[in-house]
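The values are calculated or read from the model by the stated rules, or taken from the named source; none is laboratory data. Source: prediction; values computed, not measured. We place every Cβ from the backbone using ideal geometry, glycine too, and count neighbours over all the protein chains shown. Keep in mind that these areas ignore ligands, DNA and RNA; they rest on the heavy atoms of the full protein, side chains included. Shrake-Rupley method; radii C 1.70, N 1.55, O 1.52, S 1.80 Å.
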Amino acid sequence: KTTDGGKTWARSLEVKIEGRAVGVVDDAMDPKNPLVLYAAAYDKVRKPWTFAEGGPGSGIYKTTDAGKTWAKMGGGLPVGVPGRIGVSASRQDSNTVYAVIENVGLLNDEQRKRYAEGFGAEGGSPSQMYRTDDAGKTWRQVAPAPDCSVVRMSVT
């Protein structure tokens, strides 16, 4: 976080799991209240010989005090081992936030093996879109339709 136009910076959100740091890969600010931010953490380990698809530190974190304190969100978001997450706040309604979540819990054993070897799941990753209309208290899956088991989306 910077408060002087970028001259100095201070760490605002620090996610650590079992002593290792987890990175933030996306963020979104409430367009009507700059004190409210959402940050998507991606708990992964990538080495030349392996790629861990996600981990317990992956998730969406929220602050309502400009980054002084953060809380990990739940309330309907997938549990287990989420992968990469993208997050976006609606410009029209600041209570509406969207998240695209790579839900690696949907992968079968062969697909998980390919991920661990660094190849990814054949056909792309199983992604789901979630939406909240109460600023993150509760979330619901909006795509694919909750009765669909997996949607393959390729990232180019």
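Computed values, structure above
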{"item": "In segment 61-81, residue least open to solvent (accessible area, probe 1.4 Å) [restricted to those that are among the β-branched types (V, I, T) and under 17 Å from M129 (Cα atoms)]", "result": "V81"}
{"item": "Those residues of segment 25-48 which are open to solvent by 70 Å² or more (accessible area, probe 1.4 Å) and either assigned to a strand (DSSP E or B) or at pLDDT below 90 (or both), in sequence order", "result": "D27, M29, K44, R46, K47, P48"}
{"item": "Residue list for segment 71-118, filter: among the basic types (K, R), touching a residue at least 24 places away in the same chain (Cβ under 8 Å) and farther than 17 Å from A39 by Cβ", "result": "R91, R112"}
{"item": "Pick from segment 82-100, criterion over 11 Å from the mean Cα position of the chain (by Cα) and over 12 Å from A28 (Cα atoms), ranking: surrounded by the most Cβ atoms within 10 Å (Cβ to Cβ)", "result": "N95"}
{"item": "Any pair with Cβ under 8 angstrom, 6 or more apart, that starts in segment 131-151 at a residue that is farther than 28 Å from T63 by Cα and modelled with pLDDT of 95 or more and ends at one that is outside any loop (DSSP other than H, G, I, E, B) and open to solvent by less than 40 Å² (accessible area, probe 1.4 Å)", "result": "none"}
{"item": "Segment 6-19 - residue that is within 19 Å of V36 (Cα to Cα) and of a type outside the set (D, E, K, R) and, of those, least open to solvent (accessible area, probe 1.4 Å)", "result": "V15"}
{"item": "Residue match in segment 110-122 (condition: closer than 19 Å to A41 by Cβ and either among the acidic types (D, E) or modelled with pLDDT under 75 (or both))", "result": "yes"}
{"item": "Residue ID - farthest from A52 (Cα to Cα), chosen from residues in segment 62-101 that are part of a loop (DSSP other than H, G, I, E, B) and touching a helix residue (DSSP H, G or I) at 6+ places or on another chain (Cβ under 6 Å)", "result": "G80"}
{"item": "Segment 49-70, residues that are under 20 Å from V36 (Cα atoms), in contact with a strand residue (DSSP E or B) (Cβ under 6 Å, 6 or more places away or on another chain) and either modelled with pLDDT under 90 or not β-branched (V, I, T) (or both)", "result": "S58, G59, Y61, K62, W70"}
